[in-house]
1. How much net charge surrounds residue 131 when only other residues with a Cβ under 12 Å from its Cβ are counted (Lys, Arg +1; Asp, Glu -1)?
2. Once fully extended, how much extra length lies between residue 234 and residue 143, figured as 0.36 nm per residue of separation less the alpha-carbon to alpha-carbon distance?
3. How much length is gained if the chain between residue 204 and residue 178 is pulled fully straight, taking 0.36 nm per residue apart and subtracting their Cα-Cα distance, in nm to one decimal?
4. So, counting K/R as plus one and D/E as minus one, what does the shell of residues with Cβ under 12 Å around residue 96 add up to?
5. Using Cα centres only, tell me the gap between segment 67-90 and segment 129-181 in whole Å.
6. How much length is gained if the chain between residue 225 and residue 196 is pulled fully straight, taking 0.36 nm per residue apart and subtracting their Cα-Cα distance, in nm to one decimal?
Amino acid sequence: MRILLLIFCCFLLGNIATGQSAHKQLRKGDTNYKEGNYQEAEERYRKALDKESSFKGSYNLGNSIYEQERFEEALQYYSNAAANAETADEKAFAYHNLGNTYFQNQKLKESVEAYKNALRANPNDLETKKNLAMAMRVLQQQQQQQQQNQEQNEDQDQEDQDQEQQQENQEQQQQQQDQQQQQNEQEQQENQSEQQSSAEEEQQEQEAQEQPKEGEPTKEEVRKLLEIMEAEEQKVQEKLQRQKAKPSKSAKDW
């Protein structure tokens, strides 16, 4: 029994020593933080957390990292601080800085929710109210811009679709015109071919008609015959004229 009591006493003394060591690191970290030496303060706060998990260790470590603009990493420690908070003020502080960090990371919805959690813990925090109003205003502007961009994208998509439809209609119209032109040219060629064939047939028919039948004189023979007939006719006419010009003999004998 005495041995167990001795062990318990040693364990209690060890915890007290560890707590004093963590507290010592926190105080040194606070000094470094006030001096603006955030990197050294970060190391002190990390050592304090290694020895003992506490709200102050997580909260102050988050602050030192935040001041070094490592906002994404700071979120983890502010979240831990909020989870380890024992009082309403501690919770309000943790959520307030958590809202600031979300805001720096452009996570506006999360920032608004964190500020609301801070005000639930401390409704009278004027600074948190101001930050909440600012975050809500920026979020609204962002949403309006997103809505505007979406509408512009939709309008652009509609315009692109209209242009594509117009281009397609023009291509179809051009294709129809080309087809009509080809059809017209083909019909014209067919008409010309038919006309040429018809002319050739007429010429062949005419030539066939002009060719003499068997036993009939040719054109040349007819022409020569006409010339002969005209010559004979001319001779006859000349003979008649000569006869009229001679004096006629009287039939009465004197």
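Only the coordinates and a few stated rules stand behind these numbers; no lab work does. These numbers were taken from a predicted model, which means no experiment stands behind them. A quick note on method: Cβ atoms are made from the backbone with ideal geometry, for glycine too, and the neighbour counts reach across all protein chains shown.
1. Residues close to residue 131 contribute a combined charge of +2.
2. 20.6 nm
3. 5.5 nm
4. So the environment of residue 96 carries a net charge of +1.
5. 43
6. Gain on stretching residue 225 to residue 196: 6.7 nm.
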